[in-house]
1. So, in the stretch B:109-141, how many residues would count as being more than 25 Å from B:Gln185 (Cβ to Cβ) and away from chain A (no Cβ under 14 Å)?
2. Out of all the residues in the stretch B:312-360, which are hydrophobic (A, V, I, L, M, F, W, C) and either on the phi > 0 side of the Ramachandran plot or in a loop (DSSP other than H, G, I, E, B) (or both)?
3. Name the one entry in B:Leu59, B:Leu9, B:Leu40 that is among the aliphatic types (A, V, I, L, M), in a loop (DSSP other than H, G, I, E, B) and closer than 20 Å to B:Ile219 by Cα.
4. Being more than 26 Å from the chain's Cα centre (by Cα) and more than 18 Å from B:Val159 (Cβ to Cβ): is that true of B:Ala116 here?
5. Tell me the helices (runs of 4 or more DSSP H) entirely within the stretch A:88-187 that contain at least 3 residues that are more than 26 Å from the chain's Cα centre (by Cα).
6. Determine which member of the set A:Val162, A:Val210, A:Val202 is in contact with a Cys (Cβ under 7 Å, 6 or more places away or on another chain) and modelled with pLDDT of 90 or more.
7. Considering each residue of the stretch B:79-99, count those that are in a helix (DSSP H, G or I), at the interface with chain A (Cβ under 9 Å from one of its Cβ atoms) and within 21 Å of A:Pro205 (Cβ to Cβ), and give that number.
8. Between residues in the stretch B:179-207 that are over 22 Å from B:Ser222 (Cβ atoms) and residues that are assigned to a helix (DSSP H, G or I) and not hydrophobic (A, V, I, L, M, F, W, C), which pairs lie under 9 Å by C-beta distance while being six or more apart or on different chains?
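The values are calculated or read from the model by the stated rules, or taken from the named source; none is laboratory data. Model, not experiment: these values are computed from the prediction. Note: ideal-geometry Cβ built from the backbone for every residue, glycine included; neighbour counts use all protein chains shown.
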Amino acid sequence: MNAGKRYNAKAWWLVLPVVLVVAFNAVIPLMTVVNYSVQDTFGNNQFFWVGLEWFDEVLHSERFAAALGRQVLFTTLVLVIEIPLGLIIALGLPTRGWRASAYMMLLALPLLIPWNVVGTIWQIFGRIDIGLAGALINAVGIDYNYTQNPFDAWVTVIAMDVWHWTSLVALLCYAGLRSIPNAYYQAAEIDGASRWAVFRFVQLPRLRQVLVIAFLLRFMDSFMIYTEPFVVTGGGPGNATTFLSIDLVKLAIGQFDLGQAAAMSLVYFLIVLVVCWLFYTATSLRETHVETRAEGGR
Amino acid sequence: MAQIDIRQLSHTYQDEAYAGDDFALRELDLSWQDGGAYALLGPSGCGKSTLLRVISGLLRPTSGQVLFDGQDVTHRTARERHVAEVFQFPVVYETMSVFDNLAFPLLNRGMSKAAAAERVAEVAELLDLGGALRRKSSSLDAAARQLVSLGRGLVRTDVNAILFDEPLTVVDPQDKWILRTRLKQLHRTFGLTMVYVTHDQTEALTFAETVMVMRDGRILQSGTPAELFNRPAHKFVGQFVGSPGMNFIPCESGDDGIEIHGQALPLHIPRHRETHAGPCELGIRPEHLHLSRSTEGLAAKLLTVEETSRRKLAYLDLAGTSICVSLPQDEEIPADGHHVMFDSQHALIYSDERLLESAR
């Protein structure tokens, strides 16, 4: 089949820059982590081979399981709140005029704030002595203290993430909605469709791609969250808000267990990768399935 | 089903409009009979789509009235108006099957599932979509999608009119013929009022019984395809309808007929009832001009010859005006000494871009 084509190695030169960049910013650092994960040290820069012991320890550690459990719960709550809320906000936004630009700016604001500043804002906001929210909640008679009560800490951290990131989902959905041709709405009006039917059969199908992207971005980001909860709660009270990355930093820098931390980060990395891959494959598979059926039907 | 009347209809997309140019529609009046097939023909931006939106109820006009069977429906929504529209880009509900698409407008209006299924089967049969009912509508090609979107109008028994907004734009050329013929058949079968908006004269002239040529928010002429071709009421209609368009040659009215650039024309055009001061133009179709070597006609200089599938088109310079002559494929074009002859019975006189009715 390729008899007429000569093998040409020049193409590799075109790929080389990308290979180099990826090697230096991803592959080589990752390999050092892999290197640590199979060795142990007693200090003095002396390392010895331990094989997969660290992985075995991480996978059987209750501490890791607990952090993973908190992480999964956090990410699930974030997704369950932010995706529908973002969608609802996008549906309610005005389509044109100065109001549309004003809302865009307001929505973009939280996205522009550095993460540790977001943490600081909420840390102060929730304080019971000088924080607007913390003091107010206590003033109306609800006992709230995120430094003492694990539930309050969770509420604060979730509220912060929702405040910080729902805008992203809303803006993505808004862009998706704007790309729907007007004729669809007009046809739906002529067909006598209810508001719900318009959402269900016109808007939702056309937002699918955008929602997949929003879901992936929010999954990855919330699963790897570190800065904001670290600033607000520092993982406490106790270990109540110690998510995977906070635990990882405690392990690597607090306890200096480099081998175990390296094994844990690899497991962590694999979890994110596999979930994203599974989700993406599942959604794109469905599409190709639909398309193949379509082609076959002709 | 209904007769549609438009009275003094104006529309502007601007918040404040004073000059005529600010209006997309300017004081339109028209009347469409129940069951007729009409076409709105005009260039982009002439207001034809705006007019369609106003009739379907998707757009409130700035002023004027829309009447269905004498009832004022100007302020009714599209849902209450009982019209269907087929859009330029095919609209199907992609996640639904063809069947669900067709049943959608019926179920939205509260029809029972069984009754809807029966009606859908009936209409699908007429549209030749019977075999595709179970298929997902996203799998259809453009022509089939347009049929589905037309079908959503046809299933409804309460529909007064079906409006088409350049429905063949994204349909493949070979499918256009089929779809156009299908539309004509359906028009006869259902006896619905159909209004077809297009900038393609072939589509307009083959589909409609009455064609309205629009420009700048006004209807310049309304008539049968033959009327538009043979007696364009406006210079623009002459140029827009026909391929190539009508020739317009500046002329003056002399004592005994018409003079072009001081040369008296050896053809007899009766005197005109109206006296007119402005400059006149003689309008004649390329099909009604001939080339000769005799000195009988007007001398002209040959510029180019264009071959088309059926006719030869010769472009000539006639005293500074470029004209087109359409010749049979086999006619030899002489090398020099060209003279243009006129079929006098087909020549029309225009003044101020409008046709002057002769006293004949």
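1. Count: 4.
2. In the first step, residues of the stretch B:312-360 are kept if they are hydrophobic (A, V, I, L, M, F, W, C); the result is B:313-314, B:316, B:318-319, B:323-325, B:327, B:333, B:335, B:340-342, B:347-349, B:355-356, B:359.
Selection gives B:Ala319, B:Ile333, B:Ala335, B:Ala347, B:Leu356, B:Ala359.
3. Numbers: B:Leu9 fails: in a loop (DSSP other than H, G, I, E, B); B:Leu40 fails: in a loop (DSSP other than H, G, I, E, B).
After ruling out the rest, the residue left standing is B:Leu59.
4. Taking the combined requirement at face value, the residue does not satisfy it.
5. Once the helices (runs of 4 or more DSSP H) in the stretch A:88-187 are filtered for at least 3 residues that are more than 26 Å from the chain's Cα centre (by Cα), what remains is A:98-112, A:132-139.
6. On the way: A:Val162 fails: in contact with a Cys (Cβ under 7 Å, 6 or more places away or on another chain); A:Val202 fails: in contact with a Cys (Cβ under 7 Å, 6 or more places away or on another chain).
Answer to the check: A:Val210.
7. The qualifying residues number 0.
8. Partner pairs satisfying both residue conditions: B:Leu179/B:Gln146; B:Thr181/B:Thr206.
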